[in-house]
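This report refers to the structure that appears directly beneath it.
The values are calculated or read from the model by the stated rules, or taken from the named source; none is laboratory data. Since the structure is predicted, the reported quantities are computational estimates derived from the model, not experimental observations. Neighbour counts run over all protein chains shown; Cβ positions are idealised from the backbone, glycine included.
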Amino acid sequence: MRTVIGLASGLLFGAGLAVSGMLDPVRVRGFLDLFGVWDPTLAFVMGGAMIPMAIAWLVQRRMAAPVADADFHLPDTNPITPRLLGGSALFGIGWGLGGLCPGPALAAFAINPAAAAVFTAAMAVGFAIVWALDRPPVHA
């Protein structure tokens, strides 16, 4: 059941990205270009996403448990750390240069496989570097 819900959620997310035009890196870069020809489309997409998310938070508060799991797995509200700031900065730089982030990059394989492949390869290298740095030391 969890797999079906995850697959349906991913398909809905990808369809939303495609319909909204957020798979087009030029459109995303246009949103980030505040002093050039600014494209507000992404602001409307983000604003539109806030409405169902606000409803989801209200519904979640009234539920004892999620539909497909025993407990809710909500993120902690940890303080801002140097690691969070560094990761956010790297994400923003990659998003600004590539015009994609992880979700749209994977969905973009259906529309522009070459650009998606380059971005996804760079993203995978970044993931591997973080994974290697985060591994606990091996004691012999």
Could you tell me which residue of segment 117-140 is nearest to residue 17 (Cα to Cα), considering only residues that are assigned to a helix (DSSP H, G or I) and β-branched (Val, Ile, Thr)?
120
Evaluate segment 23-41: report whether one residue or more is within 16 Å of the chain's Cα centre (by Cα), surrounded by 10 or more Cβ atoms within 10 Å (Cβ to Cβ) and assigned to a loop (DSSP other than H, G, I, E, B).
yes
Looking at segment 50-72, is at least one residue within 20 Å of residue 122 (Cβ to Cβ), among the charged types (D, E, K, R) and at pLDDT below 90?
no
Within segment 111-133, does at least one residue satisfy the condition of being touching an Asp or Glu at 6+ places or on another chain (Cβ under 9 Å), of a type outside the set (D, E, K, R) and either surrounded by 11 or more Cβ atoms within 10 Å (Cβ to Cβ) or modelled with pLDDT of 90 or more (or both)?
yes
Name the pairs: first residue in segment 43-55 and under 15 Å from residue 15 (Cα atoms), second residue in a helix (DSSP H, G or I) and modelled with pLDDT under 90, Cβ to Cβ under 6 Å, at least 6 apart or on different chains?
45/20
Consider residue 60 against the criteria (1) part of a loop (DSSP other than H, G, I, E, B); (2) in contact with a Phe, Trp or Tyr (Cβ under 8 Å, 6 or more places away or on another chain); (3) surrounded by 10 or more Cβ atoms within 10 Å (Cβ to Cβ): it satisfies all of them except one. Which criterion is unmet?
(1)
Are any residues in segment 69-116 of a type in the set (A, V, I, L, M, F, W, C), in contact (Cβ under 8 Å) with a residue 12 or more places away in the chain and assigned to a helix (DSSP H, G or I), and if so, which ones?
90, 95, 105, 106, 107, 108, 110, 115, 116
Have a look at 77, 120 and point out the one that is in contact with a helix residue (DSSP H, G or I) (Cβ under 8 Å, 6 or more places away or on another chain) and among the hydroxyl-bearing types (Ser, Thr, Tyr).
120
